[in-house]
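Report on one structure; see the data block that follows.
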Amino acid sequence: MNGILEALAVSKRFGETLALDGVSLQVNAGEVFCLLGANGAGKTTLVNIFLNFIAPTSGEARVDGRDVTRHALAAKRDMAYIPEQVMLYGVLSGLENLRYFAALATDEDLPERRALDLLRQVGLDETAARRRISEYSKGMRQKVGIAIASAKNAKAFLLDEPTSGLDPKAANEFSQLLRTARDKGVAVLTTTHDLFHAKQTGSRIGIMRRGRLVENLLAADISHLDLESLYLKHMSNQDE
Amino acid sequence: MPPLSTLDKLQRTLQGPGTGYLFTRVFLNEGRILLADRTLWLACGLLFLFLGYSLYVGLSQVRAREAVLQGITLRDAEKADKSITQLRRILAGHETPDPFSNPADPASVASGLGARHAVLPYLALAPLALGQSDMAPNYYRVTNRNKSTFLYDGEMDNPWNLMTGHFDTAFVVIYLLPLLILGVSYNMLSAERERGTLRLLLSHSLGIGTLLLAKTAVRALAVLTTTGATVAAVLLPERGGSLEYLFWLGMIAAYAVFWFAVAAAVNALGKASATNAFALIVVWVTLVILAPVLLNLAVSQAYPAPSRTELATRSRLITIGGLNRFADLLATDYRHVGKPQVLLPKDGKIEVAERRKAHLLIARQVDAELDTLLAAFEKQLLAQQQFIERFSLISPAAVIHEGMSALAGTGSRRYTQFTQQVSTYHMDWKAFFEVRILNGIAMTEPDFARLPKFSWLEQPATALRGQLAGYALQLLVPSLLLGLWARRRLRRYPMV
Ligand SMILES: Nc1ncnc2c1ncn2[C@@H]1O[C@H](COP(=O)(O)OP(=O)(O)OP(=O)(O)O)[C@@H](O)[C@H]1O
Ligand SMILES: [Mg+2]
């Protein structure tokens with residue numbers, strides 16, 4: 001198995017704070033890696049390192065075998081990213097935003113028809129698609145972000161609490177989307193606070209605590225109940 | 001194998017994965033956003049209004065001044081015709097000459113009757129930069145009186161002052177254009193980061209440099225199109241000068257590029273929008289307001305403006321000396337009072353009043369003695385000019401000011417050349433009359449046709465272009481350096 005996303009002993013220090021402490025993980029093609037952890041555990045920092053938004057203090061992050069700091073642009077062609085808060089251009093419509101970001105993502109114009117299809121798949125009809133983003137709710141913006149990610153034919157998805165703000169129906173549809181991507185061989189790294197969701201969609205589950213990856217399990221190997229107690233155990237030790 | 005990998009890298013940077021495509025997408029999208037949020041409408045609308053009004057001011061000023069010049073030339077021609085007619089009538093015995101404006105008397109003709117104005121024409125682009133034209137006159141009335149009486153009687157300050165007091169196009173370009181540029185570009189990256197779109201943008205294979213460049217380009221295009229089109233539409237139909245206009249537009253483009261480079265560099269620092277705005281205002285005040293003032297201080301310190309009072313005093317002293325020396329000539333009476341026939345030419349000769357001969361001799365002496373002083377005076381002005389040309393580099397506002405006034409023909413260089421040519425003309429004029437006055441040779445009709453004429457000799461276009469190329473470099477080299485620095489700095493752009 002070759003890892004699409006690989007972290008090799010990645011550490012990141014912000015002044016006094018050691019945000020990441022020698023994190024190693026690997027997400028293979030067709031795998032969904034769910035990263036759990038309390039607030040401030042270092043999940044977003046790891047995502048930022050994969051996106052080359054910040055450089056690791058030590059260690060290396062690779063996408064499809066390429067070091068992201070040295071081949072940042074090439075690595076980014078292979079990654080689709082959905083932030084916790086999808087922020088878009090307020091004066092443009094959802095459709096225009098999607099078409100713009102999709103063009104940046106794929107180096108190709110996205111035909112309007114196809115764009116509307118993608119928006120419909122995430123639950124935005126044409127009327128909504130043609131409204132300005134400034135009139136969107138947080139969840140609606142999140143849906144556009146998901147549409148942008150699905151327009152990009154990426155080898156890997158980097159998702160930082162992608163379902164935050166989605167209603168249960170939309171969250172469910174999103175899980176379905178993830179499974180489709182996984183079945184197509186996409187490597188997915190997603191952070192979440194939702195154990196249920198993690199157990200349901202994840203093929204691997206990691207738990208982070210104070211910058212360290214303290215658990216790295218196959219989802220199939222653990223029951224929901226065990227996962228919950230394990231998670232709570234690490235959470236309760238948070239302040240030690 | 002470092003050379004190979006460097007080459008590899010270079011190739012990747014140049015061709016990039018679809019850099020051209022991404023640039024175009026950002027460019028178009030940015031244009032759409034700026035139109036949708038009305039930023040561009042507002043900035044370009046203001047620019048249009050400012051430029052429109054400044055063109056109105058410039059055109060009406062130049063129109064009025066050209067009308068004055070035209071009137072002067074016309075009156076000169078009328079006066080010459082009248083003198084000839086009068087001469088004919090006098091020779092035919094139809095008219096008794098007036099002793100002080102006798103067309104047969106070379107002294108009368110030399111000192112005013114035949115005097116013509118030396119005129120410096122306005123160029124096609126003069127309305128764009130009124131420049132020195134307020135302080136330095138475009139015409140002189142040249143007689144056989146000494147130089148200091150006409151050539152240096154105006155008040156002339158430092159040769160260099162950005163503020164002409166007019167709301168002309170030069171003012172709009174120097175002061176307001178940079179403000180509008182900074183207004184639309186102070187937050188090119190910071191707004192993306194603050195809005196949260198930067199993360200999504202840069203999660204794709206879009207380089208932050210490409211992003212910044214495309215965002216800058218769309219603004220530059222809008223600003224320059226507005227400027228170019230407004231000026232072309234108002235100026236060219238009335239005044240022509242398309243080639244000069246293109247050079248002018250090139251200069252403006254270089255100036256705009258400089259300010260965009262400043263904005264890009266400040267954005268590359270990765271600070272908040274408010275911080276950027278403040279930093280850019282500081283830069284604007286420093287380069288547009290403070291640096292020119294300092295430059296002016298430096299020039300007046302290094303080459304103090306020559307004293308006009310001293311010049312006037314010296315010329316008065318020399319004149320008094322002359323008056324004393326030629327007291328006997330000056331004491332003679334005008335003979336025409338008792339003998340009006342002396343006013344008529346006889347065998348090609350005429351009696352020139354001794355007093356008037358004395359005045360000529362005095363003027364000659366004043367000119368000769370003042371020449372050293374005037375030479376020093378002119379040397380000083382030239383030194384000031386060269387100093388400015390050398391050190392204008394410290395302020396792009398000074399550079400563009402020099403470039404625009406050179407193109408408009410209202411710069412100090414052209415005025416210096418004008419006074420030099422007038423000075424030569426004055427010498428020719430004096431030489432023409434000196435023999436006639438001192439030897440009492442009467443003026444004839446052919447003499448009137450032979451009077452020295454002033455015709456302005458424009459400096460060759462190549463010289464002007466060389467000057468302009470120098471100014472363009474003074475704007476583009478700093479822009480390039482800023483751009484390169486910004487590119488380096490962007491590598492460390494703080495995303496979180
Ligand atoms: N730019 C920064 N400067 C300084 N410290 C930072 C910075 N970014 C993150 N940190 C610190 O690094 C640690 C990890 O933060 P991170 O955002 O990765 O946590 P997280 O797991 O994503 O938390 P959450 O669940 O709240 O999103 C925290 O202690 C945080 O304070
Ligand atoms: Mg986070």
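Throughout, read-outs are computed from the coordinates displayed, never taken from laboratory work. Since the model is a prediction, treat every value here as computed from it, not as a measurement. When we count neighbours, we look across all protein chains shown, and the Cβ atoms used for this are built from the backbone with ideal geometry, even at glycine.
Values for this structure:
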read-out	value
Space enclosed by the convex hull of the alpha-carbon atoms of chain A, per residue, Å³	124
Length gained when the stretch B:A331-B:L438 is fully extended (0.36 nm per residue, less Cα-Cα span)	36.8 nm
Residues B:L373 and B:R491, FRET efficiency given R0 of 51 Å [Cβ-Cβ distance, rounded to 0.05]	0.25
Amide H contacts under 5 Å for A:T69, placed H, 5+ residues apart	A:A61
Footprinting exposure proxy for A:T192, B:T275 (fewest neighbouring C-beta atoms within 10 Å first)	B:T275, A:T192
Taking B:V68, B:V234 and counting other C-beta atoms within 10 Å, the order from fewest to most	B:V68, B:V234
Computed over chain A: relative contact order in percent, which uses C-alpha pairs under 8 Å that are six or more apart	28
Dipole in debye (nearest 20) - the protein assembly as shown, about Cα centre, beta carbon charges: Lys, Arg +1; Asp, Glu -1	440
Pair B:L179, B:A302: separation of 7 Å Cα→Cβ label points (nm)	3.0
Alpha carbon convex hull of chain B, volume per residue in cubic angstrom	175
For A:S93, distant residues with modelled amide H under 5 Å away	A:I133
Cα-Cα pairs of the protein assembly as shown separated by more than 38 Å (percent)	57
Pair B:A67, A:S203: separation of 7 Å Cα→Cβ label points (nm)	8.7
DSSP-defined antiparallel bridges as percent of all bridges, chain A, nearest 5	55
Segment A:R114-A:N28, extension gain: residue separation times 0.36 nm, minus the distance between their alpha carbons	28.1 nm
Rg in Å to one decimal, and Dmax rounded to a whole Å, for the stretch B:195-257 via C-alpha atoms	17.2, 53
Pairwise centroid distance, computed over Cα atoms, of the stretch A:4-26 with the stretch B:181-200, Å	30
Whole-number percent relative contact order across chain B, with pairs defined as alpha carbons under 8 Å at least 6 apart	26
Relative pair counts by distance (%), Cα atoms of the stretch A:85-227, 10 Å bins	11, 39, 32, 14, 4
Helix B:2-15 axis, angle to chain B major axis (alpha carbon atoms, nearest 10°)	80
The stretch B:193-199 - phi-based ³J(HN,Hα) in whole Hz, Karplus 6.51/-1.76/1.60, Gly and Pro as x	5, 5, 6, x, 7, 4, 4
Table column - 3J(HN,Hα) (Hz), the stretch A:89-98, Karplus curve with 6.51, -1.76, 1.60, x for Gly and Pro	7, x, 7, 9, 7, x, 5, 5, 4, 4
Distance from the stretch A:126-199 to the stretch B:428-496 (C-alpha centre basis), Å	67
Among beta bridges that DSSP assigns inside the protein assembly as shown, antiparallel share in %, nearest 5	60
In Hz, Karplus ³J(HN,Hα) per residue of the stretch A:133-142 (6.51, -1.76, 1.60; θ = phi - 60°; x = Gly, Pro)	4, 4, 9, 7, 7, 4, x, 5, 5, 4
Debye log10 I(q)/I(0) for the stretch A:89-154, one point scatterer per Cα, at q = 0.15, 0.18, 0.20, 0.24 Å⁻¹	-0.36, -0.53, -0.66, -0.96
10 Å-binned pair-distance histogram of the stretch B:415-496 (Cα, whole percent)	13, 22, 17, 13, 11, 9, 7, 5, 3, 0
Reachable lysines from B:K147, criterion Cα separation under 29 angstrom, eight or more residues apart if same chain	B:K79, B:K82, B:K349, B:K357, B:K379, B:K430, B:K453
Estimated inter-spin distance, A:R66 and B:A449, nm [label 7 Å along Cα→Cβ]	8.7
Lys, Arg +1 and Asp, Glu -1 on Cβ, resulting dipole of chain B about Cα centre, debye, nearest 20	1360
Estimated Rh, the stretch B:358-496: Kirkwood, alpha-carbon pairs, angstrom	19.5
Förster-model FRET efficiency, 25 Å R0, A:S223 and A:D183, C-beta, rounded to 0.05	0.55
FRET E, pair A:N39, B:L224, Förster distance 56 Å, beta-carbon r, rounded to 0.05	0.70
Segment A:Q85-A:E16, length gained on full extension (0.36 nm per residue, minus Cα span)	22.1 nm
Tail weight of P(r) past 20 Å, computed on alpha-carbon pairs of the stretch A:38-120, percent	47
For B:R116, residues with placed amide H under 5 Å, excluding near neighbours	B:V142
